[in-house]
Amino acid sequence: MKNQPAPSKFMRWFDPRFRQMGTWAFILNRVTGLGLALYLLLHLFMLSKLVQGETAYNDFIALAKTPVIKVGEMFVIAAGIIHGLNGIRIGLTSFGIGTRYQKQMFIGLMVVSLILIAGFAYVMFLGE
Amino acid sequence: MNNISKPKAGEGTTLWLVKIILGGLVIAFLVLHFIVNHLIAPGGLLNYQAVLDYYSNPIIPIIEGLFLIVVIAHCLLGVRSVILDLNPSKRLLKILDIVFVLGGSIAVGYGIWLLVILTART
């Protein structure tokens, strides 16, 4: 069957050639999901600063305001928006809603994602 | 683009359904978390005292605790689903399931412990 995942195809996630849109949606969902899982681990670790006390937490927040960390946060926001909106499409179609319009839904949701990401980037980098 | 999400071998309908429902809950909690943390909380919780003030409202630790459980469960089910694509042996999958349950329980326990400590300091 075309477009089906298999262990031998794992590295092909990163090969941009000969892709159908469904495969792009699948790859985007997996890559953003794995990225967010990694971020969740880091976020839980970072929250330990709260237990260490006021100085530790405030020092961490000062670090979080540096440009490099902000760019990293922007990636997390972008991954969250893409994974969330693509996930809504997956959830709907899993229950048989809009299965005939998956492609249109995917394109529409990714356009919305781009707009939201641009909005967040504006607020984070230019809005202060 | 005709493929729709469905349970894969080793996942089962229940886990697949739970993953999808938890995904919807994560979005709902995330929107709530974002609105409360960054739009309602003055200054966006960017200093220690602001965090303590935020947690002094008893409903907040409950919401954050539920969010933690939902997000960790969805995350681990998602990672498990990716691993299933690599076609692991039944034995390896069993070991991974134990690791996921233990890891998830530790992460939730750690998060709840953080919430209790912070709430006690308010």
Exercise for review: Confirm whether B:Gly103 is open to solvent by less than 60 Å² (accessible area, probe 1.4 Å), within 21 Å of A:Ser48 (Cβ to Cβ) and without any contact (Cβ under 8 Å) to a residue 24 or more places away in the chain.
Suggested key: no
Revision key, fill the gap. So, first residue aromatic (Phe, Trp, Tyr) in segment A:72-99, second residue open to solvent by 20 Å² or more (accessible area, probe 1.4 Å), Cβ within less than 9 Å, six or more apart or across chains; the pairs are A:Phe75/A:Gly35; A:Phe75/A:Tyr39; A:Phe95/B:Ile20
Review point. Any idea which of B:Leu68, B:Leu32 is open to solvent by 60 Å² or more (accessible area, probe 1.4 Å) and not β-branched (Val, Ile, Thr)?
Key: B:Leu32
**Study point:** Close pairs (8 angstrom Cβ cut-off, 6 or more residues apart or separate chains): without any contact (Cβ under 8 Å) to a residue 12 or more places away in the chain and at the interface with chain B (Cβ under 7 Å from one of its Cβ atoms) in segment A:28-47, β-branched (Val, Ile, Thr) and in a helix (DSSP H, G or I) anywhere
**Key:** A:Leu34/B:Val79; A:Leu34/B:Val82; A:Ala37/B:Val79; A:Leu40/B:Val71; A:Leu40/B:Ile72
**Study point:** Residue within segment B:75-83 that is open to solvent by 70 Å² or more (accessible area, probe 1.4 Å), modelled with pLDDT of 90 or more and assigned to a helix (DSSP H, G or I) present
**Key:** no
Exercise for review: Spot the failing condition for B:Ala41; the list is (1) modelled with pLDDT of 90 or more; (2) surrounded by 13 or more Cβ atoms within 10 Å (Cβ to Cβ); (3) small (Gly, Ala, Ser), and only one is missed.
Suggested key: (1)
Check your understanding: Of the residues that make up segment B:114-121, is at least one out of contact with any Pro (no Cβ under 7 Å at 6 or more places or on another chain), over 16 Å from A:Ser48 (Cβ atoms) and not hydrophobic (A, V, I, L, M, F, W, C)?
Key -> no
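One line per residue, one yes/no per condition, for (1) within 7 Å of chain B (Cβ to nearest Cβ); (2) at pLDDT 90 or above; (3) touching a helix residue (DSSP H, G or I) at 6+ places or on another chain (Cβ under 8 Å); (4) within 24 Å of B:Ala28 (Cα to Cα):
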| position | (1), (2), (3), (4) |
| --- | --- |
| A:Val68 | no, yes, no, no |
| A:Met74 | no, yes, yes, yes |
| A:Gly84 | yes, yes, yes, yes |
| A:Gly87 | yes, yes, yes, yes |
Review point. So A:Ile61 clears everything in (1) in contact with a Gly (Cβ under 8 Å, 6 or more places away or on another chain); (2) under 29 Å from B:Trp113 (Cβ atoms); (3) within 11 Å of chain B (Cβ to nearest Cβ) except one condition, right? Which one?
Key: (1)
Check your understanding: Does B:Ile27 count as farther than 20 Å from A:Ile61 by Cα and either surrounded by 15 or more Cβ atoms within 10 Å (Cβ to Cβ) or free of Cβ contacts under 8 Å to residues at least 12 places away in the same chain (or both)?
Key -> yes
Study note, to complete from the structure: Every listed condition ((1) on the phi < 0 side of the Ramachandran plot; (2) open to solvent by less than 50 Å² (accessible area, probe 1.4 Å); (3) of a type outside the set (Lys, Arg); (4) not in a helix (DSSP H, G or I)) holds for B:Gly10 save (1)
Check your understanding: So which of B:Asp53, B:Asp97 ends up being away from chain A (no Cβ under 11 Å) and without any contact (Cβ under 8 Å) to a residue 40 or more places away in the chain?
Key -> B:Asp97
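The values are calculated or read from the model by the stated rules, or taken from the named source; none is laboratory data. Remember, predicted model here, so these are calculated numbers, not experimental data. Every residue, glycine among them, receives a Cβ derived from its backbone with ideal geometry; neighbour counts consider all protein chains shown. For accessibility, only protein heavy atoms count, side chains too; no ligands or nucleic acids. Shrake-Rupley method; radii C 1.70, N 1.55, O 1.52, S 1.80 Å.
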